[in-house]
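Structure first, then comments.
The values are calculated or read from the model by the stated rules, or taken from the named source; none is laboratory data. From a predicted model like this one, the values you see are computed outputs, not experimental measurements. Neighbour counts run over all protein chains shown; Cβ positions are idealised from the backbone, glycine included. Areas reflect the complete protein model, heavy atoms only, side chains present, ligands, DNA and RNA absent. Shrake-Rupley method; radii C 1.70, N 1.55, O 1.52, S 1.80 Å.
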Amino acid sequence: MKQATLIHHFLENSARQFPDKVALVHEKTRVTYRQMNEHANNLANWLIDQGIISGDRVAILMENGLEYVIGYYAALKAGAVAVPLSTGLGPDGLKGVIEEITPRGIVVGSKFERVLKAAEIPTEYCDWVIIHSAQKFSALNAHKVFEFEDVIVGNHSPNPELSIDPGQLASIIYTSGSTGKPKGAMLSHGNIVAKTHSICRYLSLTSDDIQMVVLPFFYVMGKSLLNTHVAVGGTVVINNKFAFPASVLNQMVTEQVTGFSGVPSTYAFLLHRSPLKAYRNKLHSLRYCSQAGGHMPQSIKAGVRNTLPDHTDIFIMYGATEASARLTYLDPGEFELKMGSIGKPIPGVTLKIIDANGGKVRPGEKGELVARGLNIMPVSYTHLRAHETYIT
């Protein structure tokens with residue numbers, strides 16, 4: 001088995017080890033690892049035939065689904081840089097991001113075709129567009145437009161065997177913009193692979209795990225859920241209807257989901273606007289829940305703990321997009337004792353808290369958190385070392 005040094009190796013390895021296992025479930029779609037990898041290979045080889053070269057950007061503007069996963073891994077297999085875009089972007093925001101990243105092409109779902117048209121992106125910023133289930137083909141200005149269904153056709157397409165360095169840029173993931181304009185974190189294959197292995201380790205993920213995904217894949221935590229479960233040969237269950245939480249909970253029972261992840265608002269919604277309590281004795285397979293994406297009030301944490309089954313572990317996690325999602329986790333065994341803590345460094349990460357002069361602070365004093373690890377994006381500033389970031 002090839003050691004995963006590149007992100008798409010996760011998919012290729014699982015396709016070899018678990019070819020007929022269900023890799024992804026989305027509504028009526030159930031696809032095996034073999035099928036998912038072959039679709040990604042078909043698109044990757046098409047991209048290569050279109051002249052994609054190392055470092056070219058491929059933007060992805062789609063809801064979670066099989067097509068998103070195919071587009072993501074195909075871009076990486078072709079040596080390109082995958083750039084997931086927020087589905088909440090309006091025409092002006094989309095145009096601004098496209099002008100910033102200047103992708104060779106965009107993979108887009110039909111739901112966002114109207115926004116793409118309204119953005120009026122000049123052809124010098126983007127060569128072509130691939131649309132899944134296109135509705136208004138001729139409306140997209142002068143760009144070359146291709147049907148998603150046409151470019152993934154083919155049988156037993158081989159894995160592209162390109163020479164890609166693990167330090168090569170793999171993905172640009174935009175921050176939430178909570179402290180200003182969203183910024184694109186530039187993450188290498190090595191960053192994301194290191195983080196993926198670390199998370200798999202502390203969550204004890206195996207091929208038996210089945211993850212319910214309600215977070216969008218364009219969000220760094222959502223993408224992490226995809227990569228970690230593909231890495232171990234688990235199953236990803238996608239549900240884009242969290243506004244109807246009863247349907248999500250029902251599917252968790254039906255699919256025997258072992259893991260659920262969310263941000264603070266996810267758990268607040270489950271606690272106060274869903275029938276979670278009624279499902280307490282039905283979630284027999286739910287091994288753990290994890291939370292990241294900001295501070296969650298202690299009242300919500302306590303409420304979730306009291307409502308979930310006793311056998312379900314709760315992992316509180318902390319991170320940053322620049323750290324490819326994760327820096328710390330709180331061990332479930334310490335959840336009630338240290339509920340307000342962000343926990344300890346994940347495997348492979350070291351942390352320290354410094355004062356204004358760079359010296360270590362004493363316990364109880366405020367300071368600046370500095371993290372180092374192979375999961376952290378390299379920086380070019382002369383006063384910082386590679387794979388080190390300051391979190392204020």
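Values as computed for the structure displayed
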quantity: Dipole moment magnitude, nearest 20 debye, the chain about Cα centre, only Lys, Arg, Asp, Glu C-beta charged; calculated: 1040
quantity: Rounded to the nearest 10 Å², the accessible area of GLU365 at probe 1.4 Å; calculated: 80
quantity: Directionally averaged projected area (convex hull, Cα atoms, the stretch 48-168), nm²; calculated: 7.5
quantity: Carbon + sulfur, % of accessible area of the chain - ligands and nucleic acids excluded, 1.4 Å; calculated: 51
quantity: Convex hull (Cα only) mean projected area of the chain, reported in nm² to one decimal; calculated: 19.5
quantity: LEU47, LEU351, reordered so the largest accessible area comes first (probe 1.4 Å); calculated: LEU351, LEU47
quantity: Straight-distance crosslink candidates among aspartates and glutamates, where the alpha carbon sits under 17 Å from LYS277 and sequence neighbours closer than 8 are dropped; calculated: ASP310, ASP313
quantity: Gyration tensor (Cα) of the stretch 246-392, equivalent ellipsoid semi-axes in angstrom; calculated: 34, 16, 12
quantity: Cut-off under 5 Å, modelled amide H: who pairs with VAL129 long-range; calculated: ILE106, LYS144, VAL145, PHE146
quantity: Solvent-accessible area of ILE52 with every protein chain in place, 1.4 Å probe, in Å² to the nearest 10; calculated: 10
quantity: Ranked order, LYS282, LYS181 - accessible area, probe 1.4 Å, largest first; calculated: LYS181, LYS282
quantity: Positive-end residue, the chain charge dipole about Cα centroid, Cβ charges, pick of GLY364, PHE260, ILE70; calculated: GLY364
quantity: Rounded tilt (10° steps) of 264-273 against the dominant C-alpha axis of the chain; calculated: 80
quantity: Filter on LYS301/LYS344; LYS21/LYS111; LYS95/LYS183; LYS195/LYS344; LYS77/LYS181 - keep pairs with C-alpha separation over 20 Å; calculated: LYS21/LYS111; LYS77/LYS181
quantity: Rounded to the nearest 10 Å², the accessible area of TYR68 at probe 1.4 Å; calculated: 0
quantity: Solvent-accessible heavy-atom area per residue, rounded to whole Å², over the chain at 1.4 Å; calculated: 44
quantity: Mean separation of Cα contacts under 8 Å (6+ apart) over length of the chain, as relative contact order %; calculated: 13
quantity: Helix axis angle, 220-232 relative to the chain longest principal axis, alpha carbon, degrees; calculated: 90
quantity: Peptide ranges 317-325, 283-291, 267-275 listed from the most packed, as the mean C-beta count within 10 angstrom indicates; calculated: 317-325, 283-291, 267-275
quantity: Within the stretch 248-392: Cβ-based charge dipole about Cα centre, in debye rounded to nearest 20 (Lys, Arg +1; Asp, Glu -1); calculated: 160
quantity: Selection from ILE238, SER285, THR312 lying farthest towards where the dipole of the chain points positive, charges on Cβ; calculated: THR312
quantity: Projected label distance in nm at THR254 and LEU162, using a 7 Å step from Cα toward the beta-carbon; calculated: 3.8
quantity: With Cα atoms, 0 to 90° folded angle of helix 33-49 axis to the chain main axis; calculated: 50
